[in-house]
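Only the coordinates and a few stated rules stand behind these numbers; no lab work does. Quick caveat, the model's predicted, so the values are computed rather than measured. For neighbour counting, all protein chains shown are included, and Cβ atoms are generated from backbone atoms with ideal geometry for every residue, glycine included.
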Amino acid sequence: MEVLKISGGKALQGRIKASGAKNAITKLLVASLLTDKRCTFYNVPNIGDVDVTVDLCREIGMEVSWDRDAGIMEVITKELKTSYVPQRFSGANRIPILMIGALLGRTNEDIIVPTVGGCLIGKRPVDFHLDALRQLGATIEYRGMKKEGAYFAHAHNGLRGTVITLPFPSIGATENTILASITARGLTEIRNAAIEPEVVELILFLQKLGAIITLDVDRTIRIHGTRHFYDVEHTIIPDRIEAASWGVAAVASKGRVFLEGAQHLNMVTFLNKIREVGGGFDIKADGIEFFYDGPLQGNLHLETDVHPGFMTDWQQPFVVLLTQSEGSSVVHETVYENRFGYTETLMEMGADITLFKQCLGGKQCRFASQSFAHSLIVKGPTPLVGREIAIPDLRAGFAYVMAALVAKDTSTISGLHFLDRGYEKLTEKLNTLGIDAQRIEQKTSDQELTPKKKKSKATTAYSTVS
């Protein structure tokens, strides 16, 4: 078993580069299946989720050339080998369900994809996906297969554009509907669509590919169907989740870190909260510098929401920051109902956190009448102590890394495959910033820990992931 040992209590100092966005490149790889044209991607992160998505697309027929060191990937899908996604990809990540939208316009055969995976952070049903695709003319049904289930989909009579109103601005449902609409006949209008930067990234890529697509300010996306495509070159946007993670870690550790490539526009709401808590940042032409700017002040209200609100994936590391801030702060999670599971470990490390089932804050959310602990009050500052930590999901994983950084003594973190999915060169970046962090292998519980040899490829895990 691999573990990460971190000696805490030292400020992060230095400069690192923000990696390409996981939630962008994985979706663009699926989008490239729409065409037999060549697509070249730059700033591709060498992380587990990209590995999984590449393996998935290769299964379908994609040819992939990936220079991991340079971050350049060239792909082309001249023809589909199959429209069946094997059951071994069940639970791998959230990408298989998007294959339906991408492949409906490429094949008349039945498309078979396994049930979706995801971190255990709350329900993420695909009803919104399936309802939208059916409105476009797809036939979709769920069938039990051995121990797992699968979705069977086809559009033997083709897809036709229509007006679709999403019940909630779901990112995945928006992306799936966009992908299916690209080759549908006529005009498709998606109302109440997600407008996250990664969705905009997909729109920009598809426009390069040949789509006629617009995004209005009222969350409406319009697509004119087409089947005329072009070769594409596209640079992946920096990962705003990773950038925020390192920014919060810099402030919480009383350090100073420059995030090369971090983009101001995609982090406005996050930066406002950094200012509110008393942290510092400086916007440069080539990135953002984060730094400790005196005693941190809590007593703030933080509510997650869809873009342009405060991102749910920023919430976990920010809660760790609030444990080091003076006063009581309220955090209200409105996107996922079960996203506070990670706080139990923080409390064991010394954090003062209380969970509530009620909506605490400015508005009631869709979980108001349900029995989910989706609000919390965190009091600080509280000293944290190092301990053995098992990571339950990706974003909780970096929150634990942060907690280990500010804690006294040494922490040993397991479940590293979750971190490998979304954080490129994590240990190397920690070392660059002056942190004593070592990835090691623990063969048995009673054997001495030995240094882990460096791998040339990011770890791929077909387990429960988000």
Length gained if D218 through D127 is fully extended, taking 0.36 nm per residue and subtracting the Cα-Cα distance, is 30.5 nm
Which value in nm describes the separation of the simple spin-label points at E79 and V163, placed 7 Å from the Cα toward the beta carbon? 4.2
Rounded to the nearest Å, the spacing of the alpha-carbon centers of the stretch 280-321 and the stretch 181-258 is 22
Angle in degrees between helix 22-31 and the longest Cα principal axis of the chain, rounded to the nearest 10: 10
Quick check on the exposure proxy: order K425, K363, K17 from fewest to most C-beta atoms within 10 angstrom. K363, K425, K17
Counting alpha carbon pairs within less than 8 Å and at least 6 residues apart, what relative contact order, in whole percent, applies to the chain? 22
In sequence order, what are the phi-derived ³J(HN,Hα) couplings for the stretch 326-340 according to the Karplus relation 6.51 cos²θ - 1.76 cosθ + 1.60 with θ = phi - 60°, rounded to whole Hz, with x for glycine and proline? 6, x, 9, 10, 10, 10, 10, 8, 10, 9, 10, 7, 10, 9, 9
Taking neighbour Cβ counts within 10 Å as the exposure measure, how do D51, D36 sort from fewest upward? D36, D51
Mean separation of Cα pairs under 8 Å and 6+ residues apart, divided by the residue count of the stretch 163-204: what relative contact order is that in percent? 55
Normalised by the empirical 2.2 N^0.38 Å for globular proteins, what value does the Cα Rg of the stretch 22-235 take? 0.93
If each residue of separation counts as 0.36 nm, what is the full-extension length gain between E441 and R191 once their alpha-carbon separation is subtracted? 85.1 nm
Got a sec? How would E289, E148 order by Cβ neighbour count within 10 Å, fewest to most? E148, E289
Points 7 angstrom from Cα along the Cβ direction at A368 and R38: gap in nanometres? 5.6
Does the stretch 141-227 come out rounded, prolate or oblate by the C-alpha gyration tensor, with a ≥ b ≥ c the root eigenvalues, rounded set by a/c under 1.5 and, if not, prolate when a/b is larger than b/c and oblate if not? prolate
Please find the FRET efficiency linking M1 to K208, where r is the Cβ-Cβ separation and R0 is fixed at 41 Å, and quote it to the nearest 0.05. 0.40
Helix 48-60 axis, angle to the chain major axis (alpha carbon atoms, nearest 10°): 10
Between T107 and M347, what FRET efficiency comes out of the Förster formula 1/(1 + (r/R0)^6) with R0 = 45 Å and r the beta carbon distance, rounded to 0.05? 0.35
Can you show me the helix-derived [θ] at 222 nm for the chain, built from DSSP H runs with n ≥ 4 at -39,500 (n - 2.57) apiece and divided by the number of residues, rounded to the nearest 500. -8000 deg cm²/dmol
What whole number of Å gives the distance from the Cα centroid of the stretch 418-434 to the Cα centroid of the stretch 46-67? 21
Between D436 and residues 5 or more places away or on another chain, which pairs have amide H atoms under 5 Å apart, with H built 1.01 Å from N, and which residues are they? S7
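Going by average Cβ density within 10 Å per residue, which order do the peptides 169-175, 151-157 take, highest to lowest?
The most tightly packed comes first, giving 169-175, 151-157.
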So for the chain, taking the charge dipole from beta-carbon charges (+1 Lys/Arg, -1 Asp/Glu), which of I111, M1, M62 sits furthest toward the positive end? I111
With a ≥ b ≥ c from the Cα gyration tensor eigenvalues, square-rooted, and the rule rounded for a/c under 1.5, otherwise prolate when a/b > b/c and oblate otherwise, the stretch 235-329 is oblate
